[in-house]
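Q: This is the structure I want to talk about, given as structure tokens.
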Amino acid sequence: MQSTEFRLDQVDFLDVEFESAKKLYGYDLIFLNGGYPFYLLHFLKKSGADHILKDISRTGVPIFGLSAGSIVMGPSIEYL
């Protein structure tokens, strides 16, 4: 099994509630943090970040999520 190593020279924070989701296009790796999944999903959709993340994922940029960040990347949050 081949392992992948990520070297992070810089970490930036983007809050799509207050900043343009289009900034997501400038990142080489995206990590969605945890929190309240309904709140996170609301602002991902309101800002258009949900569509941007789908677009970015097609380019091969790694997108990771933790807790709510991983839940909102799934096909549905209906089970919550």
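The values are calculated or read from the model by the stated rules, or taken from the named source; none is laboratory data. If you're wondering where the values come from, they're calculated on a predicted model, not measured in any experiment. All Cβ positions, even for glycine, are placed from backbone atoms using ideal geometry, and neighbour counts span all protein chains on display. What goes into the accessible areas is simple: the full protein's heavy atoms, side chains included, and nothing from ligands, DNA or RNA. Shrake-Rupley method; radii C 1.70, N 1.55, O 1.52, S 1.80 Å.
Q: Looking at the chain, which longest stretch skips every one of the trypsin sites (Lys or Arg not before Pro) that is in a DSSP loop with at most 12 other Cβ atoms within 10 Å, leaving the sites themselves out?
A: Numbers: sites that count: Arg7, Arg58.
Counting only loop sites that pass the neighbour cut-off, the longest clear stretch is 8-57.
Q: Just the number, please: carbon plus sulfur as a percent of the accessible area of the chain, 1.4 Å probe, no ligands or DNA/RNA counted.
A: Numbers: 3400 of 6290 Å².
Answer for the chain: carbon and sulfur cover 54 percent of the accessible area.
Q: Okay, next question. Please give the per residue accessible area of the chain, computed with a probe of 1.4 Å over protein heavy atoms only, in Å².
A: Values: 6290 Å² over 80 residues.
Accessible area per residue: 79 Å².
Q: Phe31's amide H: which non-local residues (gap 5+, or another chain) put their own amide H closer than 5 Å, with H modeled 1.01 Å from N in plane and none for Pro or chain starts?
A: HN-HN under 5 Å from Phe31: Phe64.
Q: Same structure, new question: Run lengths n ≥ 4 of DSSP H only: what is the helix-derived mean residue ellipticity at 222 nm for the chain, with -39500 (n - 2.57) per run over all residues, to the nearest 500?
A: Working: 3 runs with 24 residues, N = 80.
Per the formula, -8000 deg cm²/dmol.
Q: Please report the net charge: other residues with Cβ closer than 12 Å to the Cβ of His51, K and R +1, D and E -1. List each step's numbers first, then the result.
A: Details: positive: Lys22, Lys45, Lys46, Lys54, Arg58; negative: Asp50, Asp55.
Residues near His51 contribute +3 overall.
Q: Now for a separate question. Sorted by average packing, counted as other Cβ atoms within 10 angstrom per residue and highest first, what order do 33-44, 69-80 take?
A: Numbers: 33-44: 14.8, 69-80: 12.7.
With the highest mean Cβ count within 10 Å placed first, the list reads 33-44, 69-80.
Q: Taking amide H positions as placed 1.01 Å from N in the peptide plane, with prolines and chain starts having none, which residues 5 or more places from Met73, or on another chain, fall under 5 Å of its amide H?
A: Amide H to amide H, under 5 Å and 5 or more residues apart or across chains, Met73 pairs with nothing.
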